[in-house]
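Computed from the coordinates by the stated procedures, all read-outs in this text should not be read as laboratory data. Since the structure is predicted, the reported quantities are computational estimates derived from the model, not experimental observations. For neighbour counting, all protein chains shown are included, and Cβ atoms are generated from backbone atoms with ideal geometry for every residue, glycine included.
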């Protein structure tokens, strides 16, 4: 029998969808490369300093028989070793290896952000909004290009990739990402806890030996991945905020940090600064909608945000970097918000406001030339609170109010029901 006239073979439909997806990703990759290249062109990098000197040393001398290792940097060999690998292959200086590792990581970050966004919205124009927000966030692309010897830029795509795999129920892949990621930075222990929580829920429902084996095996492997490097790698100094293994007296910070009002203010202030894009387009009705549609992900995002805040509270001085590890949650929420009725004008206003607030096209001051200006450029450093902090915090509130007013006026005069 012949094929019925007018019916399109399923293989043709699949091929068309595959070509469309390929075209979208090629467009995103191209835009990501161009954006990273532009920011690299207009942003003068800072010479290796502070944390960066430890990572450069690790890249140059490795982690075996290296007498210049310090905690917690020694437990994060991932990016330094990649930088060393790139440096050796292309006969480049170690510092150039770090720069190219950062460029590749930043590009991968934007592409992975698009992939995660596509899990929630199919339309390309809507799915691209979340990656654009990531691109104009100062702490994901701009600052890592400036402070190119920090490792965080290599961790962000791992965090996002975990949630992409987890959302698509590719649990073996998400588990592998956790194990790899923990050697880049300890924030990747958060996805480990999420994976363990998911397996615990499965065991609670199934109550069989197989589910229990998966749960216990995952716990053992995760704990080993976290503890073994800290036991086996010998460090000769410690700069870790709380380090019971090398500096028992640091445990006092468990109760001292929460009592530091200025530090608490900076955590709130930097969290609002980072989440400004979301705060500008949130409304009570939209919150109710995404909360309802989030389903089981509510639990995992709550764990994710809660543990990130906990690590921020007990982390080091770079609060503005720590809060940026909530990147996957912001992508998910913005992607879900694009399924609501958003006005084009409020999206455009939000993007412009975020670009200006994050000073994307301005040069970050060099700390060697003006240390105070460097700290106050974005603010949110340890317990440093001054007039600059209050002005930027007030600016955040004004932008949120302005966005709400614009949304009201748009609905009132241009989109009458």
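Run through all the Cα pairs of the stretch 212-291 and give the fraction in each 10 Å bin from 0, expressed as whole percent.
Result, from short to long distances: 13, 22, 23, 31, 11, 1 percent.
What are the radius of gyration and Dmax of the stretch 231-270, computed over its Cα atoms and given in Å?
Expressed in Å, the Cα Rg and Dmax of the stretch 231-270 come to 13.3, 38.
For the stretch 243-370, what does the alpha-carbon gyration tensor say about shape, rounded, prolate or oblate, given a ≥ b ≥ c as the root eigenvalues, a/c under 1.5 as rounded, and a/b over b/c as prolate?
Because a/c hits 1.5 or more and a/b fails to exceed b/c, the stretch 243-370 counts as oblate.
With just the Cα atoms defining each centre, how far is the stretch 219-269 from the stretch 305-346? Give it in Å.
What the calculation gives is 23 Å, centre to centre.
Mean-square fluctuation check for the chain, GNM, Cα pairs under 10 Å: which of 157, 284, 244 is largest?
Most flexible of the set in this elastic network: 284.
Remind me, what semi-axes does the stretch 301-409 give for its equivalent ellipsoid, largest first in whole Å, using sqrt of 5 times each Cα gyration tensor eigenvalue?
For the stretch 301-409, the ellipsoid semi-axes come out as 27, 21, 12 Å.
In a Gaussian network model over the chain where Cα atoms closer than 10 Å are linked, find which of 371, 120, 175 has the largest mean-square fluctuation.
Highest fluctuation among the options: 371.
Measure off 7 Å from each Cα along the Cα-to-Cβ vector at residue 220 and residue 200, then give the distance between these two points in nanometres to one decimal.
Result for the modelled spin labels: 1.9 nm.
FRET efficiency for residue 386 and residue 26, Cβ-Cβ distance as r, R0 = 56 Å, nearest 0.05?
Rounded to the nearest 0.05, the efficiency is 0.75.
Here are labelled values, (1) -0.83, -0.95, -1.10; (2) -0.60, -0.75, -1.07; (3) -0.67, -0.79, -1.04, and one is the computed log10 I(q)/I(0) by the Debye sum over Cα atoms at q = 0.09, 0.10, 0.12 Å⁻¹ for what I pasted. Which one?
(2)
Of 50, 164, how do they rank once you tally other Cβ atoms within 10 Å and put the fewest first?
Listing 50, 164 from fewest to most nearby Cβ atoms yields 50, 164.
Taking Cα pairs under 8 Å and at least six residues apart, what relative contact order does the stretch 24-97 come out at, in percent?
In percent, rounded to a whole number, it is 23.
Once you compute Rg and the Kirkwood Rh from C-alpha atoms, what is the Rg to Rh ratio for the stretch 60-145?
1.12
Given a 10 angstrom Cα cut-off, can you work out which residue in 336, 280, 31 is the most mobile in a GNM of the chain?
Ranking 336, 280, 31 by mean-square fluctuation puts 31 first.
Below 8 Å, C-alpha to C-alpha, sequence gap of six or more: please give me the relative contact order for the stretch 10-413 in percent.
Computed value for the stretch 10-413: 19 percent relative contact order.
Quick check: residue separation of residue 299 and residue 259 times 0.36 nm, minus the Cα distance between them. What number comes out in nm? Please list the in-between numbers first.
On the way: separation 40, 0.36 × 40 = 14.40 nm, distance 2.81 nm.
So the extension gain works out to 11.6 nm.
What length, rounded to one decimal in nm, is gained on full extension from residue 245 through to residue 361, with 0.36 nm per residue of separation minus their alpha-carbon distance?
Computed gain between residue 245 and residue 361 is 37.5 nm.
What is the distance, in nm, between label points placed 7 Å from the Cα along the Cα-to-Cβ direction at residue 348 and at residue 368?
It is 4.4 nm.
To the nearest whole percent, what portion of all C-alpha pairs in the stretch 64-211 is separated by more than 28 angstrom?
Value for the stretch 64-211: 29 percent of Cα pairs lie more than 28 Å apart.
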